[in-house]
1. Residues of region 30-62 with the amide nitrogen closer than 12 Å to a label point 7 Å from the Cα of Leu84, along Cα-to-Cβ, please.
2. Once amide H atoms are built 1.01 Å from N in the peptide plane, which residues 5 or more positions from Gly47, or in another chain, come under 5 Å H to H?
3. Pulled fully out, how much extra length does the chain show between Val30 and Glu52, if you take 0.36 nm times their separation in residues and subtract their Cα-Cα distance?
4. Tabulate in residue order the Karplus-calculated ³J(HN,Hα) for region 69-77, using 6.51 cos²θ - 1.76 cosθ + 1.60 with θ = phi - 60°, rounded to whole Hz; enter x for Gly and Pro.
5. Based on the alpha carbon coordinates of region 12-86, what radius of gyration and maximum Cα-Cα distance (Dmax) apply, in Å?
Amino acid sequence: MTAVSASPERSAPSSGTVASILVVDDDEPVRDAVERGLGIHGYAVVGASDAEAAFGLVAKRRPDLLVLDIGLPGISGNELCQRLRD
């Protein structure tokens, strides 16, 4: 899994909004642990088990940060990242 770290202090802009993070990992225990860890620090976290689920979540609400597993089944984390950037 590739993780991007951010400090909780930087997650809350002056407007008081909470940063949203999308965690994408097909390994449920790993995904759950990452979600819990980030949630403890005040982030709004949602998880997806594959790229298709991630696309659906991004379409509903664009997250501030993605934590992606590179080795996703089907569409890899690298390809998912590239498609979302495009």
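Since every read-out is calculated from the coordinates, none of them should be taken as a lab result. Since the structure is predicted, the reported quantities are computational estimates derived from the model, not experimental observations. Every residue, glycine among them, receives a Cβ derived from its backbone with ideal geometry; neighbour counts consider all protein chains shown.
1. 46-62
2. Val23
3. Details: separation 22, 0.36 × 22 = 7.92 nm, distance 1.86 nm.
Gain on extension, Val30 to Glu52, equals 6.1 nm.
4. 7, 5, x, 5, x, x, 7, 5, x
5. 12.3, 39
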